[in-house]
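Step one of this worksheet: look at the structure below.
The values are calculated or read from the model by the stated rules, or taken from the named source; none is laboratory data. Here the structure is a predicted model, which is why all the values come from computation and not from measurement. Heads up, the Cβs are rebuilt from the backbone with ideal geometry, glycines too, and the neighbour counts pull from every protein chain shown. Quick note on the areas: whole protein, heavy atoms, side chains included, nothing else; ligands and nucleic acids left out. Shrake-Rupley method; radii C 1.70, N 1.55, O 1.52, S 1.80 Å.
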Amino acid sequence: MKYPTLEDIFLNFGFESEKTPGINEMNRVINGYLNRLVKAKKLSFSEANRIREQKSELETEAKAAGFGQGFLLAVKLFTAID
């Protein structure tokens with residue numbers, strides 16, 4: 001039997017879709033900058049979309065890493081209790 005990884009659990013429960021107000025604000029600002037660059041013809045629309053995709057993947061990876069770190073900390077705390 002293959003056991004799921006912490007990342008599998010994170011993704012299967014849909015935690016990657018949850019966003020904090022801080023993440024929403026950062027996304028709003030970054031998208032605003034990308035739109036300005038496209039409008040000023042400093043960046044193509046496809047390049048801006050690729051940056052948005054990469055930002056989204058980075059966001060998911062960072063949240064999955066935070067989930068894993070939190071899980072490991074919880075395990076350490078539970079196993080440290082006598």
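Some observations on this one:
- Some residue of region 43-54 being surrounded by 10 or more Cβ atoms within 10 Å (Cβ to Cβ), assigned to a helix (DSSP H, G or I) and among the hydroxyl-bearing types (Ser, Thr, Tyr): no
- Residue match in region 13-20 (condition: β-branched (Val, Ile, Thr) and in a helix (DSSP H, G or I)): no
- Residue match in region 15-30 (condition: over 15 Å from the mean Cα position of the chain (by Cα) and either open to solvent by less than 70 Å² (accessible area, probe 1.4 Å) or modelled with pLDDT of 85 or more (or both)): yes
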